[in-house]
Amino acid sequence: MTLDTTDRRILTVLQRKGRMSNADLSDAVNLSASACHRRVQRLEADGYIRDYVALLDPRKIGVSTTVFVEITLQGQADEVLEAFEKAVARIPDVLECHLMAGSADYLLKVVAENTEDFARIHRQHLARLPGVAQMQSSFALRTVFKTTALPV
């Protein structure tokens, strides 16, 4: 399936306000409610819309510290990569894990209450990850820009 202009408008609006009613969405994209509903169902069925989530305020729930952790592994064998990826996926404080090209093998985005909490996360989880040769952590001082909306 290819996306037309109306599909792209629907996706753009839903990325910014995913909880809106079908009637409000159809008004926002200038489409009848029934046609809009059918298109949203098709976008869901075809996997363009993967999930609907609530985006939480990190400060309100007490995890206002963001740390980016670069990890270099001891080797690149499939079993080393798989063991690392399986173990890191079980750490609740890790929001993202990316296999990288460049100087580090992986880049993690970690949230913590503060520096002491990150020290706990490091000690209890990150330092125990299999196959790690080197780790470098960088604390975000301030989030300048952040979005979950993809350009469509």
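The values are calculated or read from the model by the stated rules, or taken from the named source; none is laboratory data. As the structure is a prediction and not an experimental result, all values here were calculated from the model. Reconstructed Cβ throughout: ideal geometry from the backbone, glycine too, with neighbour counts over all protein chains shown. Heavy atoms of the whole protein, side chains included, go into the accessibility calculation; ligands, DNA and RNA do not. Shrake-Rupley method; radii C 1.70, N 1.55, O 1.52, S 1.80 Å.
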Limited to the stretch 60-101, what total is found for residues that are surrounded by 16 or more Cβ atoms within 10 Å (Cβ to Cβ) and assigned to a loop (DSSP other than H, G, I, E, B)? 3
Out of curiosity, is residue 12 part of a strand (DSSP E or B), surrounded by 14 or more Cβ atoms within 10 Å (Cβ to Cβ), of a type in the set (S, T, N, Q) and touching a residue at least 60 places away in the same chain (Cβ under 8 Å)? no
Can you pull out the residues in the stretch 108-137 that are open to solvent by less than 50 Å² (accessible area, probe 1.4 Å) and either in a strand (DSSP E or B) or over 21 Å from residue 79 (Cβ atoms) (or both)? 108, 109, 110, 111, 112, 117, 118, 119, 121, 132, 137
Those residues of the stretch 15-26 which are out of contact with any Lys or Arg (no Cβ under 9 Å at 6 or more places or on another chain), assigned to a helix (DSSP H, G or I) and loosely packed, with under 15 Cβ neighbours inside 10 Å, in sequence order: 16, 22, 23
Considering residues of the stretch 38-59 that are surrounded by 17 or more Cβ atoms within 10 Å (Cβ to Cβ) and among the hydrophobic types (A, V, I, L, M, F, W, C) only, the residue farthest from the chain's Cα centre (by Cα): 40
